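This report concerns only the one structure given below.
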Amino acid sequence: MEEKKTGEDRLPVAIIGAGPVGLAAAAHLIARGEEPLVLEAGSRVGSSLREWGHVRLFSPWRYVVDSASAELLAAAGWESPDDGEHPTGNELVDRYLEPLAAIPTLRDRIRLGTRVESVSRQGYDKMKTAGRERAPFALQVRGAGGREEVILARAVIDASGTWQRPNPLGSGGVPAAGERALAARIFYGIPDALGAHRARYAGRRTAVVGSGHSAFNALLDLIALGEEAPGTEITWVIRRPTLDGLFGGGDRDALAARGRLGDRVRGLVESGRLRVAAGFKVTELRAGEEGVILIGEGNALPPVDEVVAATGFRPDLSLASELRLSLDPAVESPVALAPLIDPNVHSCGTVRPHGAEELKQPEEGFFIVGMKSYGRAPTFLLHRLRAGALGGGRPRRGLAGGPRGPPRAAGDRGLLPGAAGQGRRNRRRLLPVELLRVSHGLTSRMSGEVDKSRNAEAGPRRPAIRIARHGWGALGHLGCP
Ligand SMILES: Cc1cc2nc3c(=O)[nH]c(=O)nc-3n(C[C@H](O)[C@H](O)[C@H](O)COP(=O)(O)OP(=O)(O)OC[C@H]3O[C@@H](n4cnc5c(N)ncnc54)[C@H](O)[C@@H]3O)c2cc1C
């Protein structure tokens, strides 16, 4: 029976960010009869993805489409992309997020051009305790024309990603001396060297700083540009002293496209086509007559015209500074998640599926999800949503084709990882665990409903074991072997 909603229950669940995870969260909440309100800073959904839209994902479609979203889309007549193809960032938005956001049930619950500037408890600063958990969340937002507004919500899911907060070039985690002053010569992220940014790099000298997949993508494009534009020179600058373990698992990588990416860069280095400055810790950038000079600890590089900072990203924690959060001091992820994703331990992202138990905060009703939940760890993949999906416990009404839910899409089976060999029995459990459990947490707390499926599963950790038993462990261990 539908519960009658009163008071605070009538407030929406605010979702910060309309990226793949924010929209997936909204789709799951809708499927559960909850009322989401998605607040997106950009003028379109998937704004951050658009900024690296020219880059091809190493995940194929089958890993990046969320199940509840696929159901909404299928009901609207969506033609699902080929499972095995790899979309670019732009294609992910054009062919998946835009159509999803256009579905009327979702469209009316998304506010574009609305940046969340802070989240607090209405009338409560961080210090005040008595009655705190009963106060709604107050989100200060800035909309079109800079108009400020306060939106109240009964829970908040922060899916704002990390893309908008790139790490600086300074090897100590703070901007190198001169970095701010030379901002016009630095590109943070992955330039579209073969497209929109071609003129900036063609026939010029560029230093690419960083050793992750973003750096790989930037290097490959610049090298390709160099084949067309004489005089294009690239220096790859890495902090670590050697290239050992840098290129990933090659053909043993659980994601073939990611393995190939590393292999291609390795090939360029080994053939001498890519110059590497290893063990170089950037401390200063200096503008000279010949160009920008990167200065390290007791050494310097030849001058360049441009610098690409592919040094990773970090979460913007200022948003929730008046909430009571418990974050790992190094990784800046929820504390329970940190040991699973710490790059000091998990070199290639050997992360088991996890859920709301790991994501929950002392501030009840506030969750950080998606890319941002990984803090500074670079290993987040949308696969986590799908991999964890296996362990979601007994599907609830309205999901997975239950009494209130839409019929399963004809092509849905193909969108589920490994579904071909798993059959119907396992498909019943294919619910994104992060979102499912976030939802469970919200539902049980807010409606006072006991989440029987969770009790029946005897805790959140069992699913990971089940995944391994079903032979789907690879999805929870997408790193190098
Ligand atoms: C080059 C590159 C390649 C990648 N390849 C893969 C891959 O192959 N497979 C994979 O699974 N993952 C890949 N990733 C990781 C990928 O970015 C994430 O999986 C995915 O984008 C995470 O989605 P998200 O919704 O958590 O965050 P995002 O996609 O970053 O979305 C966050 C949204 O929040 C909005 N926002 C930010 N701040 C605010 C605010 N204050 N108020 C309102 N809105 C706000 C942003 O505009 C954005 O739309 C890649 C990342 C990069 C950079």
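What follows is calculated from the coordinates using simple rules that are stated; it is not laboratory data. The model shown is predicted, which means the values in this text are computed figures rather than measured ones. For neighbour counting, all protein chains shown are included, and Cβ atoms are generated from backbone atoms with ideal geometry for every residue, glycine included.
For ALA176, the residues whose modelled amide H falls within less than 5 Å of its own, excluding neighbours fewer than 5 places apart on the same chain, are LEU169, GLY170.
Net charge in the neighbourhood of GLY272 (other residues with Cβ under 14 Å of its Cβ; Lys, Arg +1, Asp, Glu -1) is +1. The fraction of all Cα pairs in region 39-125 landing in successive 10 Å bins from 0 to the largest distance is 16, 41, 30, 10, 3, 0, given as whole percents.
When both bridge partners sit in region 183-309, DSSP labels roughly 30% of those beta bridges antiparallel. Each label point was placed 7 Å from the Cα along the Cα-to-Cβ direction; for GLU284 and ALA224 their separation is 3.8 nm.
3J(HN,Hα) along region 163-179, derived from phi through the Karplus expression 6.51 cos²θ - 1.76 cosθ + 1.60 where θ = phi - 60°, amounts to 3, 7, 10, x, 5, x, 6, x, 5, x, x, 10, x, 5, 4, x, 5 Hz, with x in place of Gly and Pro.
Would you please name the trypsin sites (Lys or Arg not before Pro) within region 116-174 that are DSSP coil residues with at most 16 other C-beta atoms within 10 Å of their C-beta?
LYS126, LYS128, ARG147
The spread of Cα positions in region 57-107, taken along each principal axis and listed from longest to shortest, comes to 31, 17, 15 Å. The phi-based Karplus calculation (6.51 cos²θ - 1.76 cosθ + 1.60; θ = phi - 60°) puts the 3J(HN,Hα) values of region 142-153 at 10, x, 4, x, x, 5, 9, 7, 10, 10, 9, 8 Hz, whole numbers, x for Gly and Pro. Given a Förster radius of 56 Å and the C-beta distance between ARG134 and ARG240 as r, what FRET efficiency does 1/(1 + (r/R0)^6) yield to the nearest 0.05? Rounded to the nearest 0.05, the efficiency is 0.65. A full extension of the chain between ARG275 and ALA76 corresponds to an added length of 66.6 nm, given 0.36 nm per residue minus the alpha carbon distance.
Packing-based ranking of 96-105, 78-87 yields 96-105, 78-87, ordered from highest to lowest mean Cβ neighbour count within 10 Å.
Distances between placed amide hydrogens fall under 5 Å for ILE110 paired with VAL38, all partners being 5 or more residues away or on another chain. Computed extension length for ASN299-SER43: 87.8 nm, one decimal, from 0.36 nm per residue of separation with the Cα-Cα distance subtracted. Rounded to the nearest Hz, the phi-derived 3J(HN,Hα) couplings of region 92-105 under the Karplus curve 6.51 cos²θ - 1.76 cosθ + 1.60 (θ = phi - 60°) are 4, 6, 4, 9, 10, 5, 5, x, 5, 5, 7, 5, x, 4, where x marks glycine and proline.
Taking amide H as placed 1.01 Å from N in the peptide plane, the amide H of GLY312 sits under 5 Å from that of ASN167, each at least 5 places away or on another chain. The Cα atoms of region 183-309 give a gyration tensor whose axes a ≥ b ≥ c have a/c of 1.5 or more with a/b no greater than b/c, which makes the shape oblate. Please work out the FRET efficiency for the pair ALA196 and GLN122, using the Cβ-Cβ distance as r and a Förster radius of 51 Å; give the result to the nearest 0.05. Between ALA196 and GLN122 the formula returns 0.75. In region 183-309, Cα pairs under 8 Å separated by at least six residues give a relative contact order of 30 percent.
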